[in-house]
Amino acid sequence: MRLSKFRGLGLIAVYGLFVSAFAIGGECEPAVDMIDSNDAVNRIADCDYRDEGLNGWLANLGSGKDEPKPKSSVTKQENAAIPTSRSTAEGFVLRTQPAADALSLLQQRFGVIQQAAERCAPGVAEVSRQAYQMDERGNTTLLLEFYCHS
Amino acid sequence: MRQWFGGLVALSVLAQPAVAVTLYGKANVSLQQADEAGDREIELQSNSSRIGLMGDNAIAEDVLVIYRFEYETSIDDGDKDGQTLTQRNIYLGIQTNYGTLMGGVYDSPLKTSASKVDLFNDMEGDIRNIFAGENRSKNVVQYVSPKSWGPITAKAAYVTKETDGIDGWSTSLAYNQDGLYLAAAMDSNIEENITGQKTWRMVGSYTLGAVMLGGAWEKYEQQDNEGNGYFASAQWNITDKWVFKTQYGESDIKVEGRESFSIGGDYKFDKRTRTFVYYTRNQDDISRDDDYLGVGMELKF
């Protein structure tokens, strides 16, 4: 496709502005690199991209947020606190990643509480209900429902 | 009590993650001056920009159903082979502790064996300029060894070529650990409407600190033609932001005396976004005497 030099450079600049809206950092390699690697099928379950980049932006549409929240990604094995959330009419629910051991679950609980407190700031976050769920691999997920109070 | 239990169930359902779907892709576009045998022009190029969906779903203990749907789109003019989107790797598979079995359209094991060393992949300097075997076959049934094999990955693909009726196969064995990557691959009758085709490929790379050195060798034969070639690449991560890279390959597989040389640099804004500059020269003894100088940008998501 032939273009004048200035028109082409303009398109590059506009494209750059567009892509910067989705540029975030993290530890897992981008999904497109992972899936192109020689052993990709054995790595699909390694990294959780649900809150990453465009996926995070789409997920946040459901909770009324416009922008993805910059956050480092971690592997599922590390089981760090990457809560996924969905607002209820009165409050909101946060959940941890499936945890294989008690320490991991406790660490993730701390992360979830931090996020809830941040969301409710300058008010306080009240835990109204909690639930635990076990998946088919025996890992435990913690679900917490919060209400914000001023 | 019933109310509390009901509440927990509702809470659980409310926070249940959606079906495991990851949207991924990349947009890669460059502006280049192309000098193809004396015919000079400025081009805006879309370099295999793509969008895809992938994910998995556990159907039993240690049994996952995996899938991938990937399509290419042209950022430059919206026209990819007459369509807006064209099919790339697409498969549905089942993964257990004994490995993964999948069916669909997929890059051959021989092709994916060299993905680590081709530093100008999808660009004018792509390894496909000098090597055969860069095939994405249709109607593929492929087995991949399980993760429990550690650094070793074995692949075997069977291609039910429904166009010419000559079924083909492709295999690879790779070792990847502590910065060392070694792979051997072979395929047979993968190409459409060519009989007696066989390709052998050896690949290696070693990463030591900020430097990665790679190389590959290939031998190709079919009923009317045969040839071999080699390829070498080097990448230096000068800082976290700046990358220098170059590669050179030579073969008589596709055309007698084909050479491809590329040199370039990347500036990484973050792990997803980079801008780059490159120079590529592709030439041979018969048809090509081409130079490309370009600058571009890439976003991975």
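Per-peptide packing, taken as the mean over residues of other Cβ atoms within 10 Å, places B:111-117, B:199-205 in the sequence B:111-117, B:199-205 from highest down. Taking label points 7 Å from Cα along the Cα-to-Cβ direction, B:ALA154 and B:THR86 give a separation of 3.5 nm. Take B:224-233, A:113-122 and order them by the average number of nearby Cβ atoms within 10 Å per residue, most first; the result is B:224-233, A:113-122. Distance from the alpha carbon centroid of the stretch B:209-280 to that of the stretch A:92-147 works out to 47 angstrom. Per-residue mean of foreign Cβ neighbours for A:43-50 is 5 (Cβ atoms of other chains, 10 Å radius). Other protein chain C-beta atoms within 10 Å of residue C-beta, averaged over B:290-301: 4.
Charge dipole of the stretch B:23-101 (Cα centre as origin; +1 on each Lys and Arg Cβ, -1 on each Asp and Glu Cβ, all else neutral): 340 debye, rounded to the nearest 20.
Exceedance of the 32 Å cut-off in Cα-Cα distance is limited, within the set B:LYS138/B:LYS219; B:LYS219/B:LYS300; B:LYS198/B:LYS268, to B:LYS219/B:LYS300; B:LYS198/B:LYS268. Between B:ASP270 and B:ASN139, the simple spin-label model (points 7 angstrom out along Cα→Cβ) gives 4.5 nm.
Read-outs: derived from the displayed coordinates by stated rules, not from any lab. The structure displayed is predicted, hence computed values, not measured ones. Please note: Cβ atoms are built from the backbone with ideal geometry, for glycine as well, and neighbour counts cover all protein chains shown.
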